[in-house]
Amino acid sequence: MKRPHLSQHIIKWELLLDGLAVVTLALVMRLWGLGFDLPNLYHRDEAKYVSIALRVLKTGDYNPHFFNYPSLFFYLLAIAYIPYVLYMAAHGRLMSLQGLVLPEQVLENVVGIAHMPSQLLVGRAVVAMFGVLTVLGTYWLGRAAYGRRAGIVAALMLAISPTHVRNSHFVAPDVAMAFFVLAAFVFCLRIWQEGRWRHYILCGLFAGLSISTKYNAYPILLTMILAHALRGPIRRDARPVAVGLGAAACGFLLTTPFSLLDLSAFLNGVAFEMYHYAIMGDPGIEGQNGLLWYAAYLIRNEGIVPLIAAVEGIVGVLSRSMKTLLLASFPAIYLGATSLYVVKNDRTVLAILPFLAILCGGLVERLGDRLASLVGGKRRALQAALLLGLAALIVTPLVQSVAINRRFSAEDVRTLVTVWLDAKVPAGSRIAGEYYSPLLERSPHVFHWVDRAIDLPISWYQDNVDYLVLVENRYGGYRLDPARYPEQIAAYDQLTTQFELVKEFEGGALGNPCHAMVLKVGRP
């Protein structure tokens with residue numbers, strides 16, 4: 001009678017210790033460098049998103065008046081700012097909501113300044129917590145699907161994922177969306193295993209919340225339908241699926257209510273995003289095949305985890321493992337849908353990273369069991385083999401994540417440029433810079449914003465500018481696809497050869513490596 005009780009006690013301790021370990025690692029990787037760049041705001045969206053949430057509190061108007069993204073993330077931010085306001089008031093920092101000074105967008109949708117940097121720290125901490133919860137949920141789901149070893153490996157790989165770590169530093173809805181998608185999938189698995197009405201309701205509710213965080217989470221609804229279809233003869237009863245879809249609609253409408261109450265603004269916002277993703281792209285990547293671009297990105301940044309996940313998915317399909325098929329279905333459907341877009345970026349893959357990690361953990365679990373049967377009682381040999389395999393898994397993502405956080409902890413390359421200009425260039429100098437260039441609004445120089453430096457003739461610079469600043473995250477995209485942009489590359493090369501290079505900078509920008517240069521413009 002004592003053995004079952006003892007076994008349950010051991011499992012509880014395992015869960016506690018595993019959870020503490022993965023949460024600690026995830027926290028360290030996401031809180032490291034969280035105050036990057038402040039008070040400067042080089043992320044193009046942070047000032048806007050924080051302002052939307054704070055404006056809800058200040059005005060009492062719950063309409064965000066912004067529907068390019070749905071509303072749940074902004075409401076969650078607004079809720080997080082309630083204790084922030086009370087804390088600031090208790091410490092004499094503000095007397096009323098009117099004392100909240102919103103971040104300033106120096107150049108709209110490009111760069112800004114935080115007049116109260118603690119606002120950004122709160123918003124970033126909220127996103128970091130969603131990242132940690134996603135890592136914890138990945139452990140739980142991996143363990144439930146395959147076993148403890150799989151859960152630990154899956155959580156470890158997501159905890160050190162360069163893409164997940166980097167995006168967990170930004171006030172943006174993508175990491176929160178990935179959490180709600182994972183929560184919805186937990187109940188997709190329950191639908192396949194048990195298929196009770198509450199599982200359909202909860203799956204639909206979390207699916208609705210994920211779509212209410214970011215629209216492109218909608219493929220989770222197709223995964224719910226697949227989970228129902230995989231149940232066998234019971235699948236002919238479509239009523240549970242209808243209830244799940246109804247719960248999704250309720251979850252979305254309750255947390256993005258002005259999609260109905262301000263329908264025209266909602267449709268305008270959604271239409272713009274659909275047009276943006278279908279037609280407008282970023283230089284250097286818009287012409288590439290979506291699946292190939294994402295595959296290359298994942299392998300380059302996440303190491304061999306995506307390859308192992310793909311192997312596990314293929315093996316699962318061939319062996320007719322319904323559990324593996326279900327786990328692999330969401331990444332497959334999601335990538336298939338998002339690969340049709342012209343816009344491609346790293347944050348798009350955030351929703352599938354937990355699934356890739358779990359599939360990777362599943363294959364490790366099965367290989368570990370197979371290896372154990374082969375080596376028999378040679379425990380040390382088994383441990384050595386598993387540790388060697390784990391080292392091969394973690395080396396690439398861990399090295400990249402540490403490098404990302406080191407860049408977050410250092411000065412942004414644009415700040416380095418600003419400091420150098422203020423120290424080395426005569427006051428009153430006329431300086432031109434492209435979008436995403438240094439913030440020189442409060443400097444002793446006269447600054448001109450230009451969209452692309454190559455859009456203006458050489459003569460304009462000679463007549464109006466003393467120095468030109470070029471930053472890689474504006475011009476670098478063209479060099480990613482030289483065959484598509486030979487004219488743009490040639491135009492930038494002409495600028496750099498026409499003018500004198502006086503200083504080059506190597507550093508980071510939003511966690512990525514970045515190069516910048518200052519050119520002195522000569523007179524004709």
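The values are calculated or read from the model by the stated rules, or taken from the named source; none is laboratory data. Just so you know, these numbers come straight off a predicted model, no measurement behind them. In this analysis, Cβ positions are derived from the backbone assuming ideal geometry, glycine residues included, and neighbour counts consider all displayed protein chains. Just the protein is used for accessible areas: all its heavy atoms, side chains included, with ligands, DNA and RNA removed. Shrake-Rupley method; radii C 1.70, N 1.55, O 1.52, S 1.80 Å.
Which numbered condition in (1) under 21 Å from LEU363 (Cβ atoms); (2) surrounded by fewer than 21 Cβ atoms within 10 Å (Cβ to Cβ) is the only one that ALA242 fails? Against the list (1) under 21 Å from LEU363 (Cβ atoms); (2) surrounded by fewer than 21 Cβ atoms within 10 Å (Cβ to Cβ), ALA242 comes up short only on (1).
Here is a check on your reading of the model: is VAL132 touching a residue at least 60 places away in the same chain (Cβ under 8 Å), hydrophobic (A, V, I, L, M, F, W, C) and not in a helix (DSSP H, G or I)? Against the criterion (touching a residue at least 60 places away in the same chain (Cβ under 8 Å), hydrophobic (A, V, I, L, M, F, W, C) and not in a helix (DSSP H, G or I)), VAL132 does not qualify.
For the condition assigned to a loop (DSSP other than H, G, I, E, B) and open to solvent by less than 50 Å² (accessible area, probe 1.4 Å), what is the one hit in PHE73, PHE67?
Numbers: PHE73 fails: assigned to a loop (DSSP other than H, G, I, E, B).
Matching residue, one of PHE73, PHE67: PHE67.
Taking the criterion of being in contact (Cβ under 8 Å) with a residue 60 or more places away in the chain, closer than 17 Å to PHE179 by Cβ and not charged (D, E, K, R), the residues of region 330-355 that qualify are PHE330, TYR334, THR348, VAL349, LEU350, ALA351, LEU353, PRO354, PHE355. Checking each residue in region 421-434 for being in contact with a strand residue (DSSP E or B) (Cβ under 6 Å, 6 or more places away or on another chain) and open to solvent by 20 Å² or more (accessible area, probe 1.4 Å) picks out only ARG430.
Summed over region 36-47, residues that are open to solvent by 40 Å² or more (accessible area, probe 1.4 Å) and over 15 Å from the mean Cα position of the chain (by Cα) total 2.
A Cβ distance below 7 Å, combined with a sequence gap of six or more or placement on separate chains, defines the contacts here; from region 505-523, residues that are modelled with pLDDT under 90 reach residues that are assigned to a strand (DSSP E or B) in the pairs GLY522/GLU500.
Residues being in a helix (DSSP H, G or I) and touching a Lys or Arg at 6+ places or on another chain (Cβ under 6 Å): count how many of those fall in region 193-235. Within region 193-235, residues that are in a helix (DSSP H, G or I) and touching a Lys or Arg at 6+ places or on another chain (Cβ under 6 Å) number 3. The one condition from (1) open to solvent by 60 Å² or more (accessible area, probe 1.4 Å); (2) of a type in the set (A, V, I, L, M); (3) farther than 30 Å from ASP455 by Cβ that VAL402 does not meet is (1). Apart from one condition, PHE499 fits all of (1) farther than 30 Å from PHE170 by Cα; (2) open to solvent by 20 Å² or more (accessible area, probe 1.4 Å); (3) touching a Gly at 6+ places or on another chain (Cβ under 8 Å); (4) modelled with pLDDT of 90 or more; the exception is (2). Pick from region 475-496 the residues that are open to solvent by less than 60 Å² (accessible area, probe 1.4 Å) and within 25 Å of THR418 (Cβ to Cβ): which of them is modelled with the highest pLDDT? So, considering only residues that are open to solvent by less than 60 Å² (accessible area, probe 1.4 Å) and within 25 Å of THR418 (Cβ to Cβ), the one modelled with the highest pLDDT is TYR492. The residues on offer are ALA176, ALA172, and the sole one that is in contact (Cβ under 8 Å) with a residue 12 or more places away in the chain, within 20 Å of ASP346 (Cβ to Cβ), open to solvent by 10 Å² or more (accessible area, probe 1.4 Å) and among the small types (Gly, Ala, Ser) is ALA172. All conditions but one from (1) polar (S, T, N, Q); (2) more than 21 Å from the chain's Cα centre (by Cα); (3) open to solvent by 20 Å² or more (accessible area, probe 1.4 Å) apply to THR223; the one that does not is (3).
When GLY112, GLY123 are checked against the criterion of being surrounded by 15 or more Cβ atoms within 10 Å (Cβ to Cβ) and part of a strand (DSSP E or B), GLY112 stands alone in meeting it.
Quick one: would you say VAL395 is at pLDDT 90 or above, in a helix (DSSP H, G or I), out of contact with any helix residue (DSSP H, G or I) (no Cβ under 9 Å at 6 or more places or on another chain) and exposed (fewer than 14 other Cβ atoms within 10 Å of the Cβ)? Judged against the criteria, VAL395 is a match.
When you check LEU182 against the structure, is it buried (at least 24 other Cβ atoms within 10 Å of the Cβ) and either free of Cβ contacts under 8 Å to residues at least 40 places away in the same chain or under 21 Å from the mean Cα position of the chain (by Cα) (or both), yes or no? When the stated conditions are applied, LEU182 passes them. Scanning region 255-266 for residues that are touching a residue at least 40 places away in the same chain (Cβ under 8 Å) and in contact with a helix residue (DSSP H, G or I) (Cβ under 9 Å, 6 or more places away or on another chain) yields a total of 6.
Annotation note: of TRP197, TRP192, TRP140, the sole residue that is more than 26 Å from GLU365 (Cβ to Cβ) and either under 21 Å from the mean Cα position of the chain (by Cα) or surrounded by fewer than 24 Cβ atoms within 10 Å (Cβ to Cβ) (or both) is TRP197. When region 205-244 is filtered for residues that are without any contact (Cβ under 8 Å) to a residue 40 or more places away in the chain and β-branched (Val, Ile, Thr), the ones remaining, listed by number, are ILE225, ILE234. Regarding ARG93, is this residue part of a loop (DSSP other than H, G, I, E, B) and not aromatic (Phe, Trp, Tyr)? So ARG93 passes the test. The set of residues in region 379-392 being modelled with pLDDT under 70 and surrounded by 13 or more Cβ atoms within 10 Å (Cβ to Cβ) consists of ALA381, LEU382, ALA385. Looking at region 98-105, is at least one residue within 20 Å of PRO173 (Cβ to Cβ), in contact (Cβ under 8 Å) with a residue 40 or more places away in the chain and in a loop (DSSP other than H, G, I, E, B)? Looking for residues that are within 20 Å of PRO173 (Cβ to Cβ), in contact (Cβ under 8 Å) with a residue 40 or more places away in the chain and in a loop (DSSP other than H, G, I, E, B), one finds at least one in region 98-105, hence yes. Within the set GLU472, GLU504, the sole residue that is under 30 Å from GLN400 (Cβ atoms), surrounded by 15 or more Cβ atoms within 10 Å (Cβ to Cβ) and touching a strand residue (DSSP E or B) at 6+ places or on another chain (Cβ under 7 Å) turns out to be GLU472.
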